[in-house]
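What follows is a set of notes on a single structure, which appears directly below.
The values are calculated or read from the model by the stated rules, or taken from the named source; none is laboratory data. Predicted model only: the values in this text are computed from it and were never measured. We place every Cβ from the backbone using ideal geometry, glycine too, and count neighbours over all the protein chains shown.
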């Protein structure tokens, strides 16, 4: 079997984790897979589209096309799959617009044209609005053989609360400014560390700011004692797949997150982390983890175990591979 993956860019997280994670495993199964980052130039894209009939299956990763391009892709593809792990029908770039008719029209035409849909969570599955016999939910996998825990010195008061994310989500930290202010007064040795590609708008956070580098991501996670994921509650954030939490947990960290979307599936309150909604809840639950090395160790171990069992590449791969084989062998609709 030969598969073509159509992606916006090869360096995007969705491509890296939802497509590239599986390439070595596909090769082991004798599957020839090609990842096509799509040129912004129309001619370059159409050259790729023209050769799609050579593949048994074409998978579009999250990108939405114009009607003309989509129709041609459908015409040239024997079997067509659409995979998405964000609420792409609501947001383009940094702009959230739940009532954007163009994006919604493109999205619903895409899912209608495809033979199968892969959604990153149950919220996205529902928003796709396609029959249950044409859609599957597959979480974004984390490589738990790469993201490994590091033994920590859990004595003393020097605790680091860490956040890893992109500049497009850094503003989600703003509501925690008063939370961190109160925690610093209570725990003088506390550090807040942020890893991102930009920090504009959160100057009042008083945090260590480090520019994200792929080769340093694991060591950055090891510098955290607690991982956090605050989120507002809106159509875009409900579509997120909680990958930040999975990275923390794979590294053996206890987590605290907002009870939004899939976060409530990944984290069971007071088991592998905490759910915190109000500023007071954030203060209380962070205070508990800062004070209790036993809770940090216990929750970190449970979180890693759950991540290996439910969200690792090895756990999700059999479902992904089985799905691709099943779609490739579908009878014509």
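The set of residues in the stretch 179-205 that are in a helix (DSSP H, G or I), touching a strand residue (DSSP E or B) at 6+ places or on another chain (Cβ under 9 Å) and surrounded by 15 or more Cβ atoms within 10 Å (Cβ to Cβ) comprises 180, 183, 205. Residue-level analysis places residue 39 outside the set of residues that are under 16 Å from residue 60 (Cβ atoms), at pLDDT below 95, in the same structural domain as residue 70 (by TED's automatic domain parsing) and surrounded by 15 or more Cβ atoms within 10 Å (Cβ to Cβ). Residues of the stretch 1-31 that are under 16 Å from residue 141 (Cβ atoms), in contact with a strand residue (DSSP E or B) (Cβ under 7 Å, 6 or more places away or on another chain) and part of a loop (DSSP other than H, G, I, E, B): 19 alone. Looking at the stretch 214-222, is at least one residue touching a strand residue (DSSP E or B) at 6+ places or on another chain (Cβ under 7 Å), in contact (Cβ under 8 Å) with a residue 60 or more places away in the chain and more than 30 Å from residue 90 (Cβ to Cβ)? Checking the stretch 214-222: not a single residue is touching a strand residue (DSSP E or B) at 6+ places or on another chain (Cβ under 7 Å), in contact (Cβ under 8 Å) with a residue 60 or more places away in the chain and more than 30 Å from residue 90 (Cβ to Cβ).
Scanning the stretch 129-178 for residues being part of a helix (DSSP H, G or I) and surrounded by fewer than 20 Cβ atoms within 10 Å (Cβ to Cβ) gives a total of 9. Within the stretch 276-307, the residues that satisfy the criterion of being touching a residue at least 40 places away in the same chain (Cβ under 8 Å), out of contact with any strand residue (DSSP E or B) (no Cβ under 9 Å at 6 or more places or on another chain) and farther than 18 Å from residue 152 by Cβ are 279, 283, 287, 306. Under the condition of being touching a helix residue (DSSP H, G or I) at 6+ places or on another chain (Cβ under 8 Å), without any contact (Cβ under 8 Å) to a residue 40 or more places away in the chain and over 9 Å from residue 136 (Cα atoms), the residues counted in the stretch 106-121 number 1.
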